[in-house]
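Have a look at the structure below, then the notes.
The values are calculated or read from the model by the stated rules, or taken from the named source; none is laboratory data. Computed from a predicted structure; not experimentally measured. We place every Cβ from the backbone using ideal geometry, glycine too, and count neighbours over all the protein chains shown.
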Amino acid sequence: MVSGKTSVGATPSTTAPMLELHDIQATVLRPRPAPYFGTHVLLRVNDAEGGRAFLRRLTPHVASSTEWWNSANTWLSVGLSYAGLEAMGVPSDSLQSFPEAFRVGMAARAAQLRDEGVNHPRNWEAVFNSRDTHIGVSAFSDSEENHTRALAVAREQYEGFSGVSVVALQDFGAQPGDLNPLGYKDGIDQPAIEGSGVDPLPGQGPLIKAGEFILGYPGEAGIPLLMPQPEVLGRNGTYLGFRKYQSRVGAFNRFLRAHGSTEAEQELLAAKLVGRWRSGAPLTLAPDIDNPDIGADPKRNNDFNYTEDSRGFKAPLGCHIRRMNPRDTKLTRLTDVNIHRLIRRGTTYGAPYDPNALSEADDEIPRGAIFLFISAKAMATIEFLQQEWINDGNFIGAGNERDPIIGQQEEGATFTIPREPVRRRVHGIETFNVLRGGEYFFMPSLTALKWIAAPDK
Amino acid sequence: MQAQTQTATEPEINPVVEQKIQRLRELYADAPEVGKAALEKGLANIRAELSEITASGKESAGRAGARQGKVSELTAILNITKDGAKRLRGLLELTEGNFKAADIVGTLHDMRFVFLDNDTRLLFATAYDGEWDAYIDDFVTKIPTSMDLFFCNLEGWPGIHAPSIKDWLVENQITADAWYVANPNLTVAEAKRLQKIAPALEEFLDKVG
């Protein structure tokens, strides 16, 4: 039985959590605080024992999901890429038990991920092509002061040791008003996980079987997903897709201004692209004008479906949030929407959103988001989303149209806004978020971290 | 205009095309007389057809099968279990040629079931949109019973919930060497949409015309 207040806006469930929360890493279930401060540190393992020794020092500081609902908190999490597991001397039969997409790494799956054109690995930051991103350590905090402390704890475990070296370090944090780099409140809609100890927020349901997100539990098909072996390594672990995006804020603002003559028109277009106003209020509940009260209320800002908006007159069928979670939208092909969901931990970095940024130079100012996509089959789900729901429109009968926010747009791309009597088709949409790199990480349980870190298995 | 006439009467010699024709002549060197005669008679047409090819029409549809544009093909010859043919025929007859389940899937252009070798083997051939690989999990949670009901009559079917299901399907798939698609960029969903739009457009034109 869970008691007390939560900081995620939900009510603790009256039934005990079914999941082994004490063994699952905190980031899997705990949303980022608001506001939030943090750093991603990517490390290379220089020798197997050095890497394991680092993990032995770090593991006692890695937080579990116990009381994950208290997100006003400070914690460290750790993930290991395939190259990292290999570098730390994990036995080869264990290595071979990981899914192929994880083994070859994100860059090698560019074709399946539709990471083409500007998003192709050849255009990535060099570190993500090096296969030197072995360990990812993330520090999350609710205040700058706590963050400094958390990061210092992490640093003490790697600085001055020859076994590991830092290959990249990226600070992140909430922007003024908790907005993302394109100026929206985000991270609102997260899947509700059965047995996690908190009742779902209104509109968050249906409850999805825990095995879709955490290894070792039954998934939506009634059986656990395949997991890395031995069981001590796989159970209570999960996968994390790390994707770093650069936001082309100038291009985004230019697009809004080119297609809306007044600020109100531009803001409506901005809302139509996402399916929510910048405040977070969904178009389904606030179709004509923004309602910031709804946007700010976790009990109301996600409490809707598309039954009354089947043709997309309020929230366009192709808008970002409807693509990422079609809810009850009638899709053109047989689809189980519950098995293509991801837990998202968006971490914003760089300069804040600037509504007056209009130049091409503004497109290159470092600012964007590093997304952590978490699921027990993250590789398959990210590939599915990239192929079907982000870089195609067939599933909603929208032909070749792509996700207006995170799609990689081709020359002549359009965005359709359903209207009576005829739809409006907006031309000139560009790639507003460019992929700068990424990798797949395995996020082991605390028990598995000890197993990996042990000198001999 | 003049240039066009010239092209029609005196086609440019394309070395790639001539190489292909030379290869065809070699292959037909020991063909029956009627075949050799047909090759010589049809050469002008063949040359013209080959000249029009600008890009390869062959692409892979994921792990197995061919793809053209947005349409993929899946061909499999599967061994039928003892008495499986009886059940399979029964299932196919029940539907009297209607496939509601296929309609639900939403991506199938066609499906063909042919019993071979005294009902011991089944030829299954289909054209469908995209890749099945991405959607196999959706079949598992949405239509597991329909899948098991049909495929249990085929040797080696691991059951819809078996993790090896993708491998079983791929192992049994034979990629087509050649395959023709009239509308490679028209998905089932897009064709349905156009079918709805066409009458509305005619109606609109009637009003303004």
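The condition of being under 27 Å from A:Glu212 (Cβ atoms), surrounded by 12 or more Cβ atoms within 10 Å (Cβ to Cβ) and under 19 Å from the mean Cα position of the chain (by Cα) holds for only one of B:Val170, B:Val181, B:Val188, B:Val140, that being B:Val170. List the pairs whose first member sits in region A:201-217 and is at positive phi, whose second member is in a loop (DSSP other than H, G, I, E, B), and whose Cβ atoms are under 7 Å apart, counting only residues at least 6 apart or on separate chains? Sorted first by the residue in region A:201-217, then by its partner, the pairs are A:Gly203/A:Asn302; A:Gly203/A:Asp303; A:Gly203/A:Phe304; A:Gly216/A:Met227; A:Gly216/A:Arg235; A:Gly216/A:Asn236.
Condition test on A:Leu372, is it in a strand (DSSP E or B) and either closer than 26 Å to A:Arg254 by Cβ or touching a residue at least 40 places away in the same chain (Cβ under 8 Å) (or both)? Break it down stepwise before answering.
Numbers: in a strand (DSSP E or B): yes; either closer than 26 Å to A:Arg254 by Cβ or touching a residue at least 40 places away in the same chain (Cβ under 8 Å) (or both): yes.
So A:Leu372 passes the test.
Condition first: more than 20 Å from the chain's Cα centre (by Cα), crowded, with 18+ Cβ neighbours inside 10 Å and more than 19 Å from A:Ala26 (Cβ to Cβ). Now tell me which residues in region A:54-85 satisfy that. The answer is A:Phe54, A:Ala83, A:Gly84, A:Leu85.
Among the residues examined, B:Arg121 does not qualify as basic (Lys, Arg), surrounded by fewer than 14 Cβ atoms within 10 Å (Cβ to Cβ) and at pLDDT 90 or above.
Test B:Asp110 against the criterion of being over 27 Å from B:Lys192 (Cα atoms) and either outside any helix (DSSP H, G or I) or not aliphatic (A, V, I, L, M) (or both), and give yes or no. No.
When region A:95-113 is limited to residues that are of a type in the set (S, T, N, Q) and part of a loop (DSSP other than H, G, I, E, B), the one that is nearest to A:Ser130 (Cα to Cα) turns out to be A:Gln96.
Taking B:Leu74 as the residue in question, decide whether it is in contact with a Phe, Trp or Tyr (Cβ under 9 Å, 6 or more places away or on another chain), assigned to a strand (DSSP E or B) and touching a residue at least 60 places away in the same chain (Cβ under 8 Å). The answer is yes for B:Leu74. Taking every residue in region B:191-205 that is under 16 Å from A:Ala398 (Cα atoms) and pairing it with any residue that is of a type outside the set (Gly, Ala, Ser), at least 6 positions away or on another chain, the pairs with Cβ-Cβ distances below 9 Å are B:Ala191/B:His109; B:Ala191/B:Asn183; B:Lys192/A:Thr332; B:Arg193/A:Thr332; B:Leu194/B:Leu186. From the list A:Arg311, A:Arg341, A:Arg327, the one residue that fits, being among the charged types (D, E, K, R), within 14 Å of chain B (Cβ to nearest Cβ), within 30 Å of A:Leu225 (Cα to Cα) and assigned to a loop (DSSP other than H, G, I, E, B), is A:Arg341. Within region B:149-203, the set of residues being farther than 25 Å from A:Gly219 by Cβ, within 14 Å of another protein chain (Cβ to nearest Cβ) and outside any helix (DSSP H, G or I) comprises B:Asn183, B:Pro184, B:Asn185, B:Leu186, B:Thr187.
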